[in-house]
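What follows is one structure encoded as structure tokens, with my remarks underneath.
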Amino acid sequence: MSLKPEEVDHINLVNWFHHDFPDLADDFHHFANERRCTVNEGRKLKRMGVKKGVLDFFLALPVQNDSGVWWAGLWVELKVGKGKLTPEQSAFIHRKLQRGYEAVAVWGEEAAKAVILTYLNRGVKNE
């Protein structure tokens, strides 16, 4: 099985996160929206709640940002090479920022790691 560069980065990011943060592994989720399917399968998935534009990863941990405001979690879109955000992804980022989440697009696995580390270094809410 041959993997695309973005798939390799996704797998590497998940492996890194689970290795370095095993206690948080259950709070780190990937949304597999990049699949191809038949028209009928697509209709079924849409009825089941699959949506265009949902970012790749969600870290379900609230942290306090630099302004003292609590972010409800971190959404990350991981692109590679010359990948571009879709209009739906840009709108998703905007909505999540408005609703109290941190939401970013990054290019490459190392950039994704840096964003996650910065987010976690702010301090997880303990309630």
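Please treat every number below as a calculation from the coordinates, not as lab data. Nothing here was measured: the structure is a model prediction, and the numbers come from that model. Cβ atoms come from the backbone with ideal geometry, glycine included; neighbour counts cover every protein chain shown.
What is the mean projected area of the alpha carbon convex hull for the range 64-127, to one decimal in square nanometres?
Convex hull of Cα atoms, orientation-averaged projection: 4.7 nm².
Relative contact order of the chain, please, whole-number percent, based on alpha carbon pairs below 8 angstrom and at least 6 residues apart.
Relative contact order comes out at 25 percent.
What 222 nm value per residue comes from the helices of the chain, counting each DSSP H run with n ≥ 4 as -39,500 (n - 2.57) and dividing by all residues, nearest 500 deg cm²/dmol?
-12500 deg cm²/dmol
Given the convex hull of the Cα atoms of the range 1-68, what is a quarter of its surface area in nm²?
Taking a quarter of the hull surface, the average projection is 7.1 nm².
Pop the C-beta distance of L85 and K46 into the FRET formula with R0 = 30 Å and round what comes out to the nearest 0.05.
Efficiency computed from Cβ-Cβ geometry: 0.90.
Could you run the Karplus curve 6.51 cos²θ - 1.76 cosθ + 1.60 with θ = phi - 60° over the range 80-94 and give me ³J(HN,Hα) per residue in whole Hz, x for Gly and Pro?
In residue order, the calculated couplings are 10, x, 9, x, 10, 5, 7, x, 5, 5, 4, 5, 4, 4, 4 Hz.
Bin by bin, in steps of 10 Å, what percent of the Cα pairs in the chain do you find, going until the bin that has the longest distance?
Result, from short to long distances: 12, 41, 35, 11, 1 percent.
About the Cα centre of the chain, what is the dipole size in debye to 20, counting +1 per Lys and Arg Cβ and -1 per Asp and Glu Cβ, all else neutral? Mind dumping the intermediate values first?
Working: 18 positive and 17 negative charges, 182 e Å.
That gives a dipole near 880 debye.
In a shell of Cβ-Cβ distance under 14 Å around D20, excluding D20 itself, what net charge do Lys and Arg (+1) and Asp and Glu (-1) give?
On the way: positive: K113; negative: D23, D27, E109, E110.
Here the count lands on -3.
Applying 1/(1 + (r/R0)^6) with R0 = 22 Å to the Cβ-Cβ distance of F31 and D66, what FRET efficiency is obtained, to the nearest 0.05? Spell out each step's value before the answer.
Values: r = 27 Å, r/R0 = 1.23.
The formula returns an efficiency of 0.25 here.
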